[in-house]
1. Using a cut-off of 11 Å between beta-carbons, work out the net charge of the residues near residue 24 (Lys and Arg +1, Asp and Glu -1, residue 24 not included).
2. Which residue fluctuates most in the GNM of the chain (Cα springs below 10 Å): 148, 59, 134?
3. Any idea what angle helix 214-225 forms with the longest principal axis of the chain, computed on alpha-carbon atoms, 0 to 90 degrees, nearest 10?
4. Could you tell me how many degrees, from 0 to 90 and to the nearest 10, lie between the Cα long axis of helix 178-191 and the main elongation axis, the longest principal axis, of the Cα atoms of the chain?
5. For segment 120-198, compute Rg over Rh where Rg is the Cα radius of gyration and Rh is the Kirkwood radius from the inverse mean 1/r over Cα pairs.
6. At 0.36 nm per residue, minus the direct Cα-Cα distance, what do residue 92 and residue 190 gain on full extension? Give it in nm, one decimal, please.
7. Please give the net charge around residue 217, taking every other residue with its beta carbon less than 11 angstrom from that of residue 217, where Lys and Arg add +1 and Asp and Glu add -1.
8. Please work out the C-alpha center-to-center distance from segment 156-181 to segment 29-82 and express it in whole Å.
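The values are calculated or read from the model by the stated rules, or taken from the named source; none is laboratory data. Quantities reported herein were computed from a predicted structural model and do not represent experimental measurements. Methodologically, a virtual Cβ is constructed for each residue, glycine included, from the backbone with ideal geometry; neighbour enumeration extends over all protein chains shown. In case anyone asks, the SASA skips ligands and DNA or RNA and just uses the protein heavy atoms, side chains included. Shrake-Rupley method; radii C 1.70, N 1.55, O 1.52, S 1.80 Å.
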Amino acid sequence: MVGASSGLGFAVAEEMAKRGYDLVLSSRNPQDAADAIRDRHGVRVEVVPGSISDPSVAASLADRAGALGGASALLLNHGGPPVKPLMGITDAEWSDAFGVMVTGPLRVLRALVPQMQTAGRGRVLAVSSFTVKAPYPGIALSNSLRAALVNALKTAALELGPEGILLNALAPGYVETNRIREWNDSYARQRNIGVEEVRKQALETIPLRRYGTPEGYARMAAFLLSEDNDYVSGQQILYDGALVTAN
Ligand SMILES: NC(=O)c1ccc[n+]([C@@H]2O[C@H](COP(=O)([O-])OP(=O)(O)OC[C@H]3O[C@@H](n4cnc5c(N)ncnc54)[C@H](OP(=O)(O)O)[C@@H]3O)[C@@H](O)[C@H]2O)c1
């Protein structure tokens, strides 16, 4: 489980632990999350500290997962990239974000898929965003690079399907985490309006009139990452309360 120390990733890791999966948690600081999940659910939890963009993380994940019996499910996640308008993004910022959002996840995929091929089954899920379907102003890095990863995973679904490996992306709309609170703060500053107004405007675009929950997202993710999912592959599925801009 990569990017699993807080927010959506943590909720997914915890849901998998509830279902009895042993875990390898990776993020820049995964230890507290690992301790919490181990204490609450009694499963084995290993950690691989480091950024998903660090090449050594992929190799360490494969080592730890192998020691736990082999990877059967892989979650690819990381924090959101800087919020900046397209015209202000430098080459270096594109390159850094590409390392975290595309090269890193695909390196981890390449490191762990062989264990799934050996087992003849596996599930992969990327945390994506509704903005892949409906690009949003001010977050060009996210709009563009998440689309690249989603299409790479669709390609992998075509290539690895015959080996029993199912790959999907689960795109949150607005889900109540620290990241979404920071996002709302940033938009409030950019538009010079209150954060409650940003939230109100967002809710008007969500037919369910509420934000999603990390736990609800995690239940959907755990379905896609487990053997319960026997036929869904190559999809980007929205967890978004029928968000008007994304459908
Ligand atoms: N919440 C929403 O409604 C929403 C909507 C659309 C898209 N998203 C996207 O979904 C993803 C998860 O969102 P969230 O709300 O759960 O965010 P979050 O609460 O900020 O969690 C991000 C997680 O990723 C880890 N992380 C950050 N940078 C990393 C890196 N370089 N390598 C590995 N792990 C890294 C963080 O742990 P460490 O700090 O320990 O590294 C943390 O566990 C983000 O990319 C976000 O942009 C969220």
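1. Values: positive: 44, 64; negative: 22, 46, 63.
Net of charged neighbours comes to -1.
2. Looking only at 148, 59, 134, the biggest GNM fluctuation is shown by 134.
3. For helix 214-225, the angle is close to 40 degrees.
4. For helix 178-191, the angle is close to 20 degrees.
5. 1.13
6. On the way: separation 98, 0.36 × 98 = 35.28 nm, distance 2.31 nm.
Net length gain for the segment: 33.0 nm.
7. Counting the neighbours of residue 217, the net charge comes to -3.
8. Computed from Cα coordinates, the inter-centre distance equals 17 Å.
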